[in-house]
1. Can you list the helices (runs of 4 or more DSSP H) found entirely within the range 212-309 that contain at least 1 residues being more than 16 Å from ligand 2 (Cβ to nearest atom) and polar (S, T, N, Q)?
2. Considering only the range 191-218, how many residues are over 20 Å from Ala90 (Cα atoms) and not hydrophobic (A, V, I, L, M, F, W, C)?
3. Which numbered condition in (1) near ligand 1 (Cβ under 9 Å from one of its atoms); (2) farther than 24 Å from Leu259 by Cα is the only one that Ala24 fails?
4. So which residues in the range 305-334 are in contact with a helix residue (DSSP H, G or I) (Cβ under 7 Å, 6 or more places away or on another chain) and of a type outside the set (Gly, Ala, Ser), if there are any at all?
5. Just need a number here: residues in the range 274-328 that are closer than 29 Å to Ala38 by Cβ, polar (S, T, N, Q) and touching a strand residue (DSSP E or B) at 6+ places or on another chain (Cβ under 8 Å).
6. Got at least one residue in the range 20-33 being under 22 Å from the mean Cα position of the chain (by Cα), within 16 Å of ligand 2 (Cβ to nearest atom) and in contact (Cβ under 8 Å) with a residue 60 or more places away in the chain?
7. Kindly list, by first and then second residue, each pair from a residue in the range 1-18 that is more than 20 Å from Leu259 (Cβ to Cβ) to a residue that is part of a helix (DSSP H, G or I) and within 7 Å of ligand 1 (Cβ to nearest atom), limited to pairs with Cβ atoms under 7 Å and residues at least 6 apart or on different chains.
8. Working only within the range 1-13, note down all residues that are within 11 Å of ligand 2 (Cβ to nearest atom) and surrounded by fewer than 23 Cβ atoms within 10 Å (Cβ to Cβ).
Amino acid sequence: MRIGIVGYQGSGKSTIFELLTGVAPDISKSHTGQVGVAIVPDERFDRLVEQYHPKKETPARIELFDTPGLSRSDQGGNAQRLGIIRESAALVHVVGAFTGGDPVAEVDAFITDLVLADLQVVTNRIGRLEKEITKPLPNRDELKAELEGLRPIEARLSDGNTLHGVELTEVQRQATKAFSLLSGKSHLVLLNTADAEVDTALLQQIEDKGLSMLAAPLGLELEVQQLPEEDRAMFAEEMGLGEPSRQRVLRAIFEMTDLITFFTCDEKEVHAWLLKAGSNAVEAAGAIHSDLARGFIRAEVMPVADLLRLGSEREVKAAGLHRTEGKDYIVQDGDEIVIRFNV
Ligand SMILES: Nc1nc2c(ncn2[C@@H]2O[C@H](COP(=O)(O)OP(=O)(O)OP(=O)(O)O)[C@@H](O)[C@H]2O)c(=O)[nH]1
Ligand SMILES: [Mg+2]
């Protein structure tokens, strides 16, 4: 799953990408986008590592995708850039509040660009369907149903609304699946401020639009991160910076996804795994290794919260908080799992 870092040119996307992934932006990839990996901060993982002192630690990771910025005065290249953004599962929308522009107007303008891009895709399809249904095709009824499904979506978009919070029918879901519509993707506004001071009135205005948002001086924080370790604290204090927001931003990004975390742990390795919410025990086994899914017998499950609270697997078992689950068990966020299998 790829999370797109999106926004207008020069808003600070590549700066934030570097802060979050540690990967310096590669100029040769500025037209195609660049992928980097970030660790998902998880306090439970850190505490499991403290408890087990494993030889190997494997935290969960997500892919971030630094995309080419849209041009504010579209000179024709935005269609291609929007196509690149479409490959993202969710959008982190970076708004630069260090250049003296109007961030609220930028948020509106960017969202309008997304809505218009979706509208164009939907309108094209409607145009094609209208022609098709005049022909005596065997699947004419299906095409008609698709057309009727798309019309309310088109109406909503042409009124300038996003697709957030819209309940789609099954026909609509199928009809729009391949379009990967931009204005329906999870959307987090990241306000990249000039310094540690945050304009609360500005934040309020963006929040009033019903958008999730975070504000932080991310450019400045990258500068701090790039200093030699011994100079960081002093510089951060001089600049009035509090706790670095890197972890907070990554956590918020992770929360936009529909992923949960489960854990496997022993003295050899503590490993955090990501899984689509609603997945069952066999799917969790498959995330670890296909052999574990193929030869699945049962899953032994205990909540990590209990494991941390009681201090060891033995204590959890003694307290009767350890369970044996079958194939259909829906894995919960924070489960510690041992898969029993036979191949
Ligand atoms: N003062 C200040 N400058 C910043 C901040 N973030 C980014 N910049 C500067 O703004 C310029 C653009 O930053 P980038 O991170 O390259 O912006 P971008 O969104 O990746 O730009 P494109 O890839 O061209 O769309 C660079 O010169 C950065 O140094 C910030 O928080 N404060
Ligand atoms: Mg960039």
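1. The qualifying helices (runs of 4 or more DSSP H) are 218-225, 246-256, 290-294.
2. 9
3. Among (1) near ligand 1 (Cβ under 9 Å from one of its atoms); (2) farther than 24 Å from Leu259 by Cα, Ala24 violates only (1).
4. Asp306, Leu307, Leu308, Leu310, Glu313, Val316, Leu321, His322, Glu325, Lys327, Tyr329, Val331 - these are the residues of the range 305-334 that are in contact with a helix residue (DSSP H, G or I) (Cβ under 7 Å, 6 or more places away or on another chain) and of a type outside the set (Gly, Ala, Ser).
5. Count: 2.
6. Yes; the residues of the range 20-33 include at least one that is under 22 Å from the mean Cα position of the chain (by Cα), within 16 Å of ligand 2 (Cβ to nearest atom) and in contact (Cβ under 8 Å) with a residue 60 or more places away in the chain.
7. Gly7/Lys13; Gly12/Leu218; Gly12/Gly219; Thr15/Leu218; Thr15/Gly219; Ile16/Leu218
8. Those that are within 11 Å of ligand 2 (Cβ to nearest atom) and surrounded by fewer than 23 Cβ atoms within 10 Å (Cβ to Cβ): Tyr8, Gln9, Gly10.
No lab work stands behind these numbers, since they all come straight from the coordinates. Not measured: the values here are computed from a predicted model. Quick reminder, even Gly has a Cβ in these numbers, built from the backbone with ideal geometry, and neighbours come from all protein chains shown.
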